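Asks: Below are the structure tokens for one structure; questions will follow.
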Amino acid sequence: GYFHETVEVTADCAYTVICGEEKEEFQAGEVCRFTKRSFREKSDRRVVVPEKEDGKINFCNLKRSSGVPSYRGSLEIEGRDEGLLVVNEVTLEEYLYAVLPSEMPSDFGTEALKAQAICARSYAYTELLANRYAGYGAHVDDSVACQVYNNTGETEAAVLAVKDTHGQVLYYEGEIAQCYYFSTSSGHTASAADVWEN
């Protein structure tokens, strides 16, 4: 789900938790814990920022197929009636670093990963424009509802494929194409129009 009772984070480098004008610094490996009681007002928001540009934040009490996920960029934590909402603020290219290995095995080869990177980037752009998750302060979610993100950690092959195709997207009739893809086909394919009527 989108909401958490508690959020525990740490980082692989020193990091800062920002709340408005207030800042609290933590050392690498030091855990910071948030609960709904940590947030005085509904507008309260905490932003977790690693000191190093390539630093990664660990979401300690979240488990994925590869274990505890690590996130590039920053994590924004907002207290809501339903619980704590966490949004990862990250560049599109770095987002793709963790989409590719979550959507396709990295050992499928360089050219397949490059094709996947272009499709995933195109899909992400169409989601940015659709703005379906604005109510959560996000552009996409991390599940099969959009693209699986950070279920499997980054791999060198995936990062290189994203860098080799930097900024490339697919166009159809002058607009960025909606590139639907799937992880399992059982040997059969169909048009997206046959799957989703609209």
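The values are calculated or read from the model by the stated rules, or taken from the named source; none is laboratory data. What you see is a predicted model, and the numbers here were worked out from it, not measured in a lab. Positions of Cβ are generated from backbone atoms using ideal geometry, with glycine treated the same way; all protein chains shown enter the neighbour counts. Quick note on the areas: whole protein, heavy atoms, side chains included, nothing else; ligands and nucleic acids left out. Shrake-Rupley method; radii C 1.70, N 1.55, O 1.52, S 1.80 Å.
Asks: Give me a count of the residues in region 139-167 that are surrounded by fewer than 17 Cβ atoms within 10 Å (Cβ to Cβ), part of a helix (DSSP H, G or I) and within 15 Å of the chain's Cα centre (by Cα).
Replies: Number satisfying all stated conditions: 0.
Asks: Please specify each residue of region 1-35 satisfying the condition of being within 21 Å of the chain's Cα centre (by Cα) and among the acidic types (Asp, Glu).
Replies: Glu5, Glu8, Asp12
Asks: Can you name the condition, by its number, that Tyr181 falls short on among (1) under 19 Å from Thr91 (Cβ atoms); (2) hydroxyl-bearing (Ser, Thr, Tyr); (3) part of a loop (DSSP other than H, G, I, E, B)?
Replies: (1)
Asks: Mind listing whichever residues of region 122-138 are open to solvent by less than 30 Å² (accessible area, probe 1.4 Å) and either touching a residue at least 40 places away in the same chain (Cβ under 8 Å) or of a type in the set (Val, Ile, Thr) (or both)?
Replies: Quick first cut of region 122-138, residues open to solvent by less than 30 Å² (accessible area, probe 1.4 Å) only: 122-124, 126-127, 133, 138.
If the condition is that a residue be open to solvent by less than 30 Å² (accessible area, probe 1.4 Å) and either touching a residue at least 40 places away in the same chain (Cβ under 8 Å) or of a type in the set (Val, Ile, Thr) (or both), then Ser122, Tyr123, Thr126, Ala138 are the ones that fit.
Asks: Mind listing whichever residues of region 42-77 are in contact (Cβ under 8 Å) with a residue 24 or more places away in the chain, in contact with a strand residue (DSSP E or B) (Cβ under 9 Å, 6 or more places away or on another chain), more than 16 Å from Thr10 (Cβ to Cβ) and open to solvent by 30 Å² or more (accessible area, probe 1.4 Å)?
Replies: Lys42, Arg45, Glu76
Residue-wise test of (1) touching a helix residue (DSSP H, G or I) at 6+ places or on another chain (Cβ under 6 Å); (2) of a type in the set (Gly, Ala, Ser); (3) modelled with pLDDT of 95 or more; (4) assigned to a strand (DSSP E or B).
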position: Glu76; (1), (2), (3), (4): no, no, yes, yes
position: Val87; (1), (2), (3), (4): no, no, yes, yes
position: Glu94; (1), (2), (3), (4): no, no, yes, no
position: Val99; (1), (2), (3), (4): yes, no, yes, no
position: Glu111; (1), (2), (3), (4): no, no, yes, no
position: Ala115; (1), (2), (3), (4): no, yes, yes, no
position: Cys119; (1), (2), (3), (4): no, no, yes, no
position: Leu128; (1), (2), (3), (4): no, no, no, no
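Asks: Now a separate question. Restricting to region 168-184, what's the tally of residues that are modelled with pLDDT under 80 and surrounded by fewer than 10 Cβ atoms within 10 Å (Cβ to Cβ)?
Replies: Summing the residues that are modelled with pLDDT under 80 and surrounded by fewer than 10 Cβ atoms within 10 Å (Cβ to Cβ) in region 168-184 gives 1.
Asks: If Gly187 satisfies every condition in (1) more than 18 Å from the chain's Cα centre (by Cα); (2) open to solvent by 40 Å² or more (accessible area, probe 1.4 Å); (3) within 26 Å of Lys63 (Cβ to Cβ) but one, which is the exception?
Replies: (3)
Asks: Return only the number of the condition from (1) in contact (Cβ under 8 Å) with a residue 60 or more places away in the chain; (2) over 19 Å from the mean Cα position of the chain (by Cα); (3) buried (at least 19 other Cβ atoms within 10 Å of the Cβ) that Gly83 does not satisfy.
Replies: Looking at each condition in turn, Gly83 falls short on (3).
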